[in-house]
Amino acid sequence: MAQAMSERAPLSLVALISGGGSNLQSLIDAQAQGLAIQLRAVISNRAEALGLERARRHGITTEILSHRDYPDRETFDADLAALIDRYEPGLVVLAGFMRILTPGFVARYQGRMMNIHPSLLPKFRGLHTHQRALEAGEREHGASVHFVTAELDGGPVIVQARVPVLKNDDAKSLAARVLEREHCIYPTAVRWFAEGRLRLGEDGRPELDGQSLRQPKVLSASPTRSGTRS
Ligand code: NHR
Ligand code: GAR
């Protein structure tokens with residue numbers, strides 16, 4: 001089909017997953033609604049990841065690379081990079097990917113790899129964020145999209161979504177409330193990147209529309225301000 005001359009080529013993506021893949025699904029759905037991305041491959045380190053089934057259902061190429069087949073992180077990451085590079089992605093998205101990546105791997109994709117993390121970074125880096133937020137007595141929790149750096153969950157934050165912690169929450173109910181908002185902010189960050197509005201600036205901060213972000217963007221849950229349309 002003919003493309004208007006002003007349109008840029010769709011942003012090619014490779015997604016890394018380990019589990020359910022609902023964030024992957026949010027990107028697939030955003031694409032179906034017109035976001036100019038092309039999901040070239042979904043790579044999982046777990047053969048049983050449900051996200052692989054979602055990808056297959058949408059005709060997206062899937063790859064399994066089990067970390068258990070490797071003696072150490074370096075050799076796993078070397079093969080992972082080789083696999084990713086076959087698809088020549090403009091952006092690599094970690095979407096519930098559960099393996100810590102080596103500094104060499106991260107450097108290769110500097111400025112073109114994002115992660116979604118289920119906390120209001122810099123709070124609660126690492127795992128079990130919902131339980132930890134509850135135990136800390138937080139009244140607010142959320143999720144963050146950040147550029148990936150060697151520092152685990154320490155990369156510059158692009159956008160966050162905040163949710164309230166409710167009185168009777170357990171880790172499961174809180175995770176579900178956060179996850180729903182993840183499905184809004186990840187496609188938004190990817191859209192900004194695809195439109196050429198977002199990049200990792202020289203100063204190490206995200207740059208959106210030519211402005212260095214001193215604070216992450218925060219998307220509210222209200223549909224008119226959610227950032228899913230503009
Ligand atoms: N790698 C680097 N270098 N930097 C980041 O910011 C990364 C990263 C790899 C993954 C996602 C992250 C999250 O959003 C992510 C960010 C896995 C672990 C972990 O401890 C921690 C954080 C994240 C992902 N993984 C264990 C490990 O030994 C394994 C846990 C498991 O398999 O269940 O790799 O939370
Ligand atoms: C999401 O909440 C994501 O933020 C989190 O795991 C869930 C994956 O859900 N990521 C991490 O904890 C990374 N360590 P999904 O597979 O349905 O997208």
Within the stretch 60-90, the residues that are away from ligand 1 (no atom under 15 Å from the Cβ) and part of a helix (DSSP H, G or I) are D79, A82, L83, D85
Practice item. Inspect the stretch 34-50 for any residue being exposed (fewer than 13 other Cβ atoms within 10 Å of the Cβ) and either in contact with a helix residue (DSSP H, G or I) (Cβ under 8 Å, 6 or more places away or on another chain) or among the hydrophobic types (A, V, I, L, M, F, W, C) (or both) and give the result as yes or no. Key: yes
Here the residues within the stretch 65-90 that are open to solvent by 60 Å² or more (accessible area, probe 1.4 Å) and within 15 Å of ligand 2 (Cβ to nearest atom) are none
Is there a residue in the stretch 95-110 that is open to solvent by less than 50 Å² (accessible area, probe 1.4 Å), under 20 Å from P10 (Cα atoms) and touching a strand residue (DSSP E or B) at 6+ places or on another chain (Cβ under 6 Å)?
yes
> Within the stretch 173-189, can one find any residue that is surrounded by 15 or more Cβ atoms within 10 Å (Cβ to Cβ), in a loop (DSSP other than H, G, I, E, B) and either without any contact (Cβ under 8 Å) to a residue 12 or more places away in the chain or under 13 Å from the mean Cα position of the chain (by Cα) (or both)?
Replying inline: no
Scanning the stretch 117-136 for residues that are among the aliphatic types (A, V, I, L, M) and open to solvent by 10 Å² or more (accessible area, probe 1.4 Å) gives L120, L121, L127, L134, A136
Taking the conditions exactly as written (in contact (Cβ under 8 Å) with a residue 12 or more places away in the chain and either away from ligand 2 (no atom under 16 Å from the Cβ) or more than 15 Å from the chain's Cα centre (by Cα) (or both)), does A161 satisfy them or not? no
Residue pairs qualifying under the 6 Å Cβ cut-off, at least six apart or on distinct chains, with the first in the stretch 93-117 being touching a residue at least 60 places away in the same chain (Cβ under 8 Å) and the second being more than 9 Å from ligand 2 (Cβ to nearest atom) and assigned to a helix (DSSP H, G or I), are R99/H67
Of R199, R125, the only residue that is touching a residue at least 24 places away in the same chain (Cβ under 8 Å), more than 15 Å from ligand 1 (Cβ to nearest atom), touching an Asp or Glu at 6+ places or on another chain (Cβ under 9 Å) and charged (D, E, K, R) is R199
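The values are calculated or read from the model by the stated rules, or taken from the named source; none is laboratory data. Bear in mind the structure is a predicted one, so any value in this text is a computation, not a measurement. Note that we place each Cβ from the backbone using ideal geometry, even for glycine, and neighbour counts take in every protein chain shown. Quick note on the areas: whole protein, heavy atoms, side chains included, nothing else; ligands and nucleic acids left out. Shrake-Rupley method; radii C 1.70, N 1.55, O 1.52, S 1.80 Å.
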